[in-house]
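Scroll down for the structure; my scribbles are underneath it.
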Amino acid sequence: MKFLSDKTKQFLVLLIKILVVAFALYFIYHQLSNDKAVDFKVLLPLIGDPKNTGLIVLVLLLTFTNRFVEILKWQNLAAVVQKISLGESTKQVLSALTLGLFTPNGIGEYAAKVLYFDRKDAGQILFLNVICNGTQVIYGISFGALGALSLHFIYQITSDQIIGLIIGVLSLAILLIYLLRNVEIKGYSIRWLITEIRKIPYSIHRKNLFLSFLRYVALMHQYIFLYRLFGVELPYYELLCSISFIYLLASSLPSFQFLEFAIKGSIALYIFNLLGVNSWIVALVAALIWLLNIVIPVLIGSYFVLSFKLKK
């Protein structure tokens with residue numbers, strides 16, 4: 001005998017969908033209505049100036065590229081379990097983003113994607129999602145560390161002792177990972193993880209790494225072109241290093257996606273103040289990145305959440 005009737009399940013699923021979308025829309029409305037950084041009186045003249053048309057088009061193109069590449073990444077990785085269309089991948093990615101909006105570090109994204117597949121594949125889907133996000137983390141750490149070192153040598157943002165300590169800690173972490181690769185915790189180990197990763201076809205890994213790099217480049221240049229739009233004339237390399245370092249620091253902190261702009265904005269304020277960039281520009285860029293990369297996709301994702309049907 002079923003614990004819940006089909007009609008009861010349908011009602012509960014509908015209720016959950018409505019609550020998810022309602023919470024997502026509330027968080028967006030609350031943030032936008034209280035965010036003093038998004039001053040349209042400042043934005044409108046910039047948008048209306050023909051000289052800025054090229055930069056605005058580039059920012060919008062990179063906004064689309066950032067999310068579209070993520071959709072391609074998931075379509076590529078999901079093929080390990082089941083081939084899905086571009087439209088299906090779009091639905092899964094955007095609805096997952098909506099659910100992840102108010103969960104710590106976007107954990108809700110993992111659960112949302114699992115719902116689109118058979119229960120027997122749940123573990124594999126979670127694992128593929130870890131790989132999908134893990135490659136972005138690797139690029140973020142690698143380029144963020146290079147950006148931090150470059151900024152240190154150019155601006156001496158901290159002492160040599162602290163830089164040495166950071167390098168020492170990272171080296172120790174890598175050494176510990178190597179030494180503890182065979183240590184098992186409830187049947188899982190680093191060696192097990194590597195074995196599972198190797199089971200995935202090389203062609204899928206290669207495509208995933210390329211798309212992850214492309215997405216990272218698109219995101220970094222969204223920031224760069226927005227800062228250029230607001231008249232920040234720092235040399236390209238220094239601006240790129242600053243943004244990659246800020247992204248690394250912000251990504252290292254536990255947070256909710258609806259607070260992401262505040263975390264990155266506050267860190268960016270500290271770094272860019274050292275470089276002489278006006279604080280209002282830093283706050284406005286952080287808010288616009290959040291609006292373009294989170295708010296707009298979540299609004300689209302809300303439709304997919306409401307139209308979701310639970311697998312039987």
Towards the positive end of the charge dipole of segment 123-251, with charges on Cβ (+1 Lys, Arg; -1 Asp, Glu), say which of Gly164, Met220, Ile125 has the farthest Cα. Ile125
Leaving out ligands and nucleic acids, note down the accessible area per residue over segment 74-137 with a 1.4 angstrom probe, in whole Å². 39
Sequence of Asp49, Asp160 when ordered by accessible area, the most exposed leading, probe 1.4 angstrom: Asp160, Asp49
For Arg206 and Asn273, extending 7 Å from Cα along the Cα-Cβ vector and measuring point to point gives, in nm, a value of 4.8
Once neighbouring chains are kept in place and the probe is 1.4 Å, which whole percent of the accessible area of segment 154-234 is contributed by carbon and sulfur? 69
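Pulled fully out, how much extra length does the chain show between Tyr303 and Gln156, if you take 0.36 nm times their separation in residues and subtract their Cα-Cα distance?
That works out to 48.1 nm of additional length.
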Pairs to check: Lys41/Lys91; Lys91/Lys207; Lys51/Lys91. Give those whose C-alpha atoms are more than 27 Å from each other in this structure. Lys41/Lys91; Lys51/Lys91
Separation of alpha-carbon centers, segment 49-78 and segment 123-175, rounded to whole Å: 25
Keeping all protein chains in place and using 1.4 angstrom, which order do Phe127, Phe210, Phe117 fall into by accessible surface area, from largest down? Phe210, Phe127, Phe117
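The values are calculated or read from the model by the stated rules, or taken from the named source; none is laboratory data. Quick caveat: nothing in here was measured; it's all calculated off a predicted structure. Cβ sites come from the backbone with ideal geometry, for glycine too, and all protein chains shown count toward neighbours. Ligands, DNA and RNA are excluded from the accessible area calculation, which covers all protein heavy atoms including side chains. Shrake-Rupley method; radii C 1.70, N 1.55, O 1.52, S 1.80 Å.
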